[in-house]
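Accompanying notes for the structure given below.
The values are calculated or read from the model by the stated rules, or taken from the named source; none is laboratory data. All values reported here derive from a predicted model rather than from experimental measurement. Glycine gets a Cβ as well: all are built from the backbone with ideal geometry, and neighbour counts include every protein chain shown.
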Amino acid sequence: MSHVALLIPTLDRIGGAERQVMLLAEGLVLRGWRVSVVALSGTGGSAAAELTASGAGFLSLEMRKGLADPRGWIRFHSWLRQETPDLLHAHLHHAAWLSRWSRIGAPVRVVVDTLHSSHTGSLGRQLGYRWSSWLADRTTAVSNAVAEAHLSSAMARENKLTVLPNGVDVQAWRPDHAVRANFRRELGLGDEFLWLAAGRLEPVKDYATLLWAMAPMPDTARLAIAGSGSMLTELTQLATRLGMDRRVSFLGFQPDLRRWMHAADGFVLSSRWEGLPMGLLEAAACALPAVATDVPGTREVIVHCQTGLLTTPGSAVALEGAMTRMMQTSAEERRAMGERARQRVIGRYSLESVLGRWEALYAELLGNHPTPLRRGRTR
């Protein structure tokens, strides 16, 4: 039984990358892999308990100063020597750098890391990837847009880069008309048009533009925003200033958004950039039509006017126009649009298909590297 260790900065805050790690861990366990999830910091909370229940292992390195915390490196090297995983698979840059440089002191057979965002970050981040690229056997990107951004910044090598998208459990995320009717009744909704937005309350999601877009809409337009983050106070104050206290709800972090996906009439994503947005994939799997900003990553999911509508990023006027157009579309056409979105997700992003691709990549790399990289060995 091969042992894969999945590295992530933390599981205390769950976003798209963290959800993908959870799905990958639990799916690989069911396929016969030994799986460990290693978090650089935090306790893991309920996510750690869920992993343990699924049969995966969980370890926190309890780093308190990021990669500058030597105790975390010592703990990780000790764990590597004791558990000897065959493959390290890191997600997000701090985990990628830890896995890359650790193989010098505690060799493992294969190191893979995954890029989740088309935003390449600071010069320091770019140099971190360039200087350590020789230590990675393969880098993967969740979308073509993410791959292109990192190639153009010389943060990845074309001959070692593979595009492998996020996966969605299309059986768990699917339309449910009974849940929709019951939950809308519980929410006190009749003919109101409910928009759902999901994602952390940070500048990249540009919720301020979304609130300005909502302001001129009729009273029957409602918005629920699921997520937590540093901008909660600022955004709630903006909603109040715009007179939308009754029409906008801040739900906080929601561990399971399916009821909200079922109850909503449309999904909206106002991001400034994306890698491959999990919320948009999950909405599509639930046959929920979407309006989203036309940014790299997002435009790989939405086919304009067929599975949703794309609009100019950063423009409240353009976003309001696209949302109004969706609201004025007949219920029949919205259902057809949502069903086309679901079929696209099933064809391109189903979890079973993505897990199969990960297994094939792992097997290829393990076959190419039957022994660990050791100090002084080069590629």
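Listed by position, the strands (runs of 3 or more DSSP E) contained in segment 1-74 that have at least 1 residues being within 18 Å of the chain's Cα centre (by Cα) are 3-8, 34-39. Exactly one residue out of H150, H116 is under 25 Å from the mean Cα position of the chain (by Cα), without any contact (Cβ under 8 Å) to a residue 40 or more places away in the chain and assigned by TED's automatic domain parsing to the domain that holds L88: that is H150.
Only helices (runs of 4 or more DSSP H) whose full extent lies in segment 208-321 are considered here, and the ones with at least 2 residues that are touching a Lys or Arg at 6+ places or on another chain (Cβ under 7 Å), at pLDDT 95 or above and not aromatic (F, W, Y) are 258-263, 278-285.
The single condition among (1) aliphatic (A, V, I, L, M); (2) crowded, with 19+ Cβ neighbours inside 10 Å; (3) over 30 Å from L269 (Cβ atoms) that L59 does not meet is (2).
Do you know which residues across segment 108-136 are surrounded by fewer than 22 Cβ atoms within 10 Å (Cβ to Cβ) and either of a type in the set (D, E) or on the phi > 0 side of the Ramachandran plot (or both)? Residue satisfying the conditions is G121 alone.
Tell me whether segment 260-275 contains one or more residues that are of a type in the set (S, T, Y) and assigned by TED's automatic domain parsing to the domain that holds F193. Checked segment 260-275: at least one residue is of a type in the set (S, T, Y) and assigned by TED's automatic domain parsing to the domain that holds F193. Checked against the criterion of being assigned by TED's automatic domain parsing to the domain that holds A285, surrounded by 18 or more Cβ atoms within 10 Å (Cβ to Cβ), aromatic (F, W, Y) and in contact with a Pro (Cβ under 9 Å, 6 or more places away or on another chain), segment 194-202 contains not a single residue that satisfies it.
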